[in-house]
Every structure is written in structure tokens, then in C-alpha cells.
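These notes are about the structure you will find just below.
Every number here is computed from the coordinates shown, using simple stated rules; none is lab data. Keep in mind the model is a prediction, meaning the values are calculated, not measured. Here Cβ is always computed from backbone atoms with ideal geometry, including for glycine, and neighbour counts include all displayed protein chains.
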Amino acid sequence: MTRGKVKWFDASKKYGFIKPDDGSPDVFVHLSEVMKAKLPHLTPGVPIAYALEIEDGKRSAKDLSPVTSDADPKSPVQTTNEPLNDFADEFEKEWGLRQA
């Protein structure tokens, strides 16, 4: 898995970018991958692991997973065990895409 940090992510636009730790070009990440990974949110600077996919010269992140540090139990990225529908509802409420 490749590692990087969230550069920015906008749920209303349904995408964002990850800055790879190795200094390579930024990687596109789509909202569908965030939801598939059941990540509650992506904020700038949050460490993330992902599989890099390159198609037609475009770099995108797949199979996202949080990077947790044993030294920092309060990591800003947390997963949830809630069903996907409940997760999607909460995600959309948090990002202002749906009324509470």
C-alpha cells in the first residue's frame, strides 16, 4: 500500500487529492472510495494508505485505509462498523449534503 496525507477533500464536489509521502504527483480520490472504506471524513493532513491505480496516465486512489499510529491513539481517522446506508446518511449530514 502507498501512503500519503489528504491534501484536500470536498464532499460536495465528490472528490479530493492525496499528497503521496514519496513526493510523487498528487493522487485523485473519489467520494465513492471514501464511502467504500467507511471513512467518516477526510481532513487535510490526515494520513491515509491506498492502492495506486494509473489508468490513461491518471493517478487515483483505491482501497483506502486509515493509517493509525500506535503512539497516537486519538488518530483523526477512524472507521465505523455501521452499515453502509447508515454511514452514508451520517456522512451526508456531516458534510451538509442532507438535512438532519
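7 Å from Cα along Cα→Cβ at both His41 and Thr68: what's the point-to-point distance in nm?
1.9 nm
At 7 Å along the Cα-to-beta-carbon direction for both Ile54 and Tyr15, put a label point, then send me their distance in nm to one decimal.
Here the answer is 1.9 nm between the modelled labels.
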